[in-house]
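**Q** Before we start, here is the structure in question, set down as structure tokens.
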Amino acid sequence: AGQTGSIFITQDGTGSRTASWGTSWDFIGGTAPTLTTTAAATDRIDYIVLDSTNIQAVATLNYS
């Protein structure tokens, strides 16, 4: 509990990669984001661990 951080996900040169999230991850609106699938695109996931079964997260997509 209390851990925070950011995860940067960068597509490879092919793109179209996806990510899946465990049941402990809670996103705004209750739905995990659809990552940017463009080759070399970067998305950022910021998170806060509330306890062993709850991680609140916010996605910022398509950094450029």
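**Q** When the range 53-64 is examined, which residues are found to be modelled with pLDDT of 95 or more and open to solvent by 60 Å² or more (accessible area, probe 1.4 Å)? Working first, answer last.
**A** Going through the range 53-64, the residues modelled with pLDDT of 95 or more turn out to be 53-62.
Answer for the range 53-64, where residues must be modelled with pLDDT of 95 or more and open to solvent by 60 Å² or more (accessible area, probe 1.4 Å): T53, Q56, V58, L61, N62.
**Q** How many of the residues making up the range 34-54 are part of a strand (DSSP E or B) and under 11 Å from the mean Cα position of the chain (by Cα)?
**A** Number satisfying all stated conditions: 6.
**Q** Ok, one more. Within the range 31-47, is even one residue open to solvent by 80 Å² or more (accessible area, probe 1.4 Å) and touching a strand residue (DSSP E or B) at 6+ places or on another chain (Cβ under 6 Å)? Write out each step before concluding.
**A** Initially, the range 31-47 is screened for residues open to solvent by 80 Å² or more (accessible area, probe 1.4 Å), giving 31, 34, 38.
From the residues that got through so far, the ones that are touching a strand residue (DSSP E or B) at 6+ places or on another chain (Cβ under 6 Å) too are none.
Scanning the range 31-47, I find no residue that is open to solvent by 80 Å² or more (accessible area, probe 1.4 Å) and touching a strand residue (DSSP E or B) at 6+ places or on another chain (Cβ under 6 Å), so the answer is no.
**Q** Can you pull out every residue in the range 5-22 that is among the polar types (S, T, N, Q), more than 11 Å from T36 (Cα to Cα) and surrounded by 10 or more Cβ atoms within 10 Å (Cβ to Cβ)?
**A** Hit for the range 5-22 is S6, nothing else.
**Q** Give me a count of the residues in the range 1-33 that are part of a loop (DSSP other than H, G, I, E, B), within 19 Å of Y63 (Cβ to Cβ) and not hydrophobic (A, V, I, L, M, F, W, C).
**A** Final tally of qualifying residues: 9.
The values are calculated or read from the model by the stated rules, or taken from the named source; none is laboratory data. As the structure is a computational prediction, the values presented were derived from the model and not from experiment. Methodologically, a virtual Cβ is constructed for each residue, glycine included, from the backbone with ideal geometry; neighbour enumeration extends over all protein chains shown. To get the accessible areas, we keep the full protein, side chains included, count just its heavy atoms, and leave off ligands, DNA and RNA. Shrake-Rupley method; radii C 1.70, N 1.55, O 1.52, S 1.80 Å.
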